[in-house]
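Peer 1: Questions regarding the structure given below will be posed in turn.
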Amino acid sequence: GGGGGGAAKPKEGGKPKEGGKAKAAGGGGPTKGAGKKENASEKGIEYTKAGNLPKWYEQVIVKSEMIEFYDISGCYILRPWSFSIWEAIKDFLDAKIKTVGVTNCYFPMFVSEAKLQAEKDHIEDFAPEVAWVTKSGDGDLNEPIAIRPTSETIMYPAFRSWIHSHRDLPIKLNQWCNVVRWEFKHPTPFLRTREFLWQEGHTAHATKEEADVEVLQILEFYAAVYEELLAVPVIKGRKTEKEKFAGGDYTTTVEAFIPAAGRAIQGATSHGLGQNFGKMFRIEFEGADGKKA
């Protein structure tokens, strides 16, 4: 959403968007008891990966002390083993993005209804997933406040205050935070959860060409997380118009493959937002030629 030329908004999710993909490790599948090993000890893995992938996956992450289930569906406790993996990913990627001038910041997790609904296509895509705060103590709030599903409508009003001249560009900000998407389709630890940790980078550029370079550079960093740090091969590509980030021009992605399920799964996405959010929040600047862009 940046000014006259365009904006790049890289984002790392590790969370599939499509319902079918989310079932790769925990959705439908084998009947109860399928794939159970004979005389298997309860202290170990009781199911085979080939015979019952959902149960095998659940037991691996619980018995390895990575995950503990919680009393709110779709929310999970990240135990030290799993959180240490997240810290390794964070350290690796944070070092990468800082080589191209990205700096870290933090924005509030709450967003007003008016701001969230400012970009129609954007909010329509997220509307079913948005969690709302409607009460304080015993009283109702004057207006509901959303918990961020993503931060475009939280960050870009601030960009408008900070961008006045071409000398203010580019802006390259990133935040490590949590987001909430109140989904109900087959919650699965690490794959589809209602609250999850991620980073989201938001950048503003004077030209579309600069923004496009940023989009692809960040995509390379995401591929490196999987292939260089985690030893997981991915395929880089571009989302279809139907699958792209709502409100953006295009979405690039790295996709992984789960052999045991025969399914692809979205690993991370980097988006080119064009001028859509820039126009919505009236982000303008004076170019080097003195003209407003």
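The values are calculated or read from the model by the stated rules, or taken from the named source; none is laboratory data. Everything quoted here is computed from the prediction, not taken from an experiment. Glycine gets a Cβ as well: all are built from the backbone with ideal geometry, and neighbour counts include every protein chain shown. Accessible surface is based on the protein model in full, side chains and every heavy atom, while ligands, DNA and RNA are left aside. Shrake-Rupley method; radii C 1.70, N 1.55, O 1.52, S 1.80 Å.
Peer 1: State the three equivalent ellipsoid semi-axes of the chain, derived from the C-alpha gyration tensor as the square roots of 5 times its eigenvalues, in descending order and whole Å.
Peer 2: 37, 22, 16
Peer 1: Whole number please: convex hull volume per residue, Cα atoms of the range 114-223, in Å³.
Peer 2: 152
Peer 1: If you don't mind, there's one more thing I want to ask. Tell me the mean residue ellipticity at 222 nm calculated for the chain from its helices only (DSSP H runs of n ≥ 4, each -39500 (n - 2.57), averaged over every residue, nearest 500).
Peer 2: Here the helix-only value at 222 nm equals -7500 deg cm²/dmol.
Peer 1: Protein chains only, probe 1.4 Å: how do Asp249, Asp91, Asp71 rank by accessible area, largest first?
Peer 2: The residues order as Asp71, Asp91, Asp249, largest area first.
Peer 1: Here's something else I'd like to know. Can you tell me the relative contact order of the range 45-182? Whole percent, Cα pairs under 8 Å, sequence separation 6 or more.
Peer 2: Once normalised by length, the contact order is 22 percent.
Peer 1: Continuing with this model, one more query. Taking H placed 1.01 Å from N in the peptide plane, check which residues at least 5 places from Phe245 or on another chain put their amide H under 5 Å from its amide H.
Peer 2: Thr251
Peer 1: May I ask for the Rg/Rh ratio of the range 164-278, computed from Cα atoms with Rh as the Kirkwood radius, given to two decimals?
Peer 2: Radius of gyration over Kirkwood radius for the range 164-278 works out to 0.99.
Peer 1: Can you tell me the FRET efficiency between Ala288 and Ala224 if r is taken as the Cβ-Cβ distance and R0 is 30 Å, rounded to the nearest 0.05?
Peer 2: The value I calculate is 0.30.
Peer 1: A follow-up question, please. Taking amide hydrogens as modeled 1.01 Å from N in the peptide plane, which residues meet the under 5 Å criterion relative to Gly274, leaving out close sequence neighbours?
Peer 2: Long-range HN contacts for Gly274: Ala7, Asp249.
Peer 1: Here is a further query. What percent do you get for the relative contact order of the chain when only Cα pairs under 8 Å and 6+ apart count?
Peer 2: It comes to 33 percent, rounded to a whole number.
Peer 1: Determine the gain in length on full extension of the stretch Asn142-Lys43; use 0.36 nm per residue of separation and subtract their C-alpha separation, reporting nm with one decimal.
Peer 2: Contour length minus the Cα-Cα distance gives 30.4 nm.
Peer 1: If you average 1/r across every pair of different Cα atoms in the range 71-149 and take the reciprocal, what Kirkwood value do you get, in Å?
Peer 2: Over the range 71-149, the inverse of the mean reciprocal pair distance is 16.1 Å.
Peer 1: Roughly how many Å² is the accessible area per residue of the chain, as a whole number, for a 1.4 Å probe?
Peer 2: 51
Peer 1: Now for a different question. For the range 169-226, divide the Cα radius of gyration by the Kirkwood radius and give the resulting Rg/Rh value with two decimals.
Peer 2: Reported Rg/Rh, Kirkwood definition of Rh: 1.09.
Peer 1: Which value, in debye to the nearest 20, gives the size of the charge dipole of the chain about its Cα centre, when Lys and Arg are +1 and Asp and Glu are -1 at the Cβ?
Peer 2: Value, rounded to 20: 580 debye.
Peer 1: Hand me the chymotrypsin sites (Phe, Trp or Tyr not before Pro) from the range 170-199 located in a DSSP loop with no more than 12 other Cβ atoms within 10 Å, in residue order please.
Peer 2: Sparse-neighbourhood loop chymotrypsin sites (Phe, Trp or Tyr not before Pro): Phe184.
Peer 1: Hull surface divided by four, with the convex hull built on the Cα atoms of the range 33-170: how many nm²? Mind dumping the intermediate values first?
Peer 2: On the way: hull surface 57.1 nm².
Mean projected area for the range 33-170: 14.3 nm², to one decimal.
Peer 1: What do you get for GluC sites (Glu not before Pro) in the range 84-138 restricted to DSSP loop and a cutoff of at most 16 other Cβ within 10 Å of the site's Cβ?
Peer 2: Answer in residue order: no site qualifies.
Peer 1: Let me know the whole percent of all Cα-Cα pairs from the range 222-281 that are separated by more than 20 Å. Write out the running numbers ahead of the final one.
Peer 2: Working: 646 of 1770 pairs.
Taking all Cα-Cα pairs of the range 222-281, the fraction more than 20 Å apart is 36 percent.
Peer 1: Give me the percent relative contact order of the range 117-230, please, defined on Cα pairs under 8 angstrom at least 6 residues apart.
Peer 2: Details: 105 pairs, mean separation 24.6, N = 114.
Rounded, it is 22 percent for the range 117-230.
Peer 1: Report the local net charge at Pro80: Lys and Arg +1, Asp and Glu -1, summed over other residues whose C-beta lies under 13 Å from its C-beta.
Peer 2: -2
Peer 1: Go through the range 146-161 residue by residue and turn each phi into a ³J(HN,Hα) via Karplus (6.51, -1.76, 1.60, θ = phi - 60°); whole Hz please, and just put x for glycine and proline.
Peer 2: 8, 8, 3, x, 5, 10, 3, 6, 8, 8, 6, x, 6, 4, 4, 6
Peer 1: Something else about it: Regarding the range 49-99, what whole-number volume in Å³ per residue does the convex hull of its Cα atoms give? Please list the in-between numbers first.
Peer 2: Working: hull volume 5.5 nm³, N = 51.
Roughly 107 Å³ of hull volume per residue.
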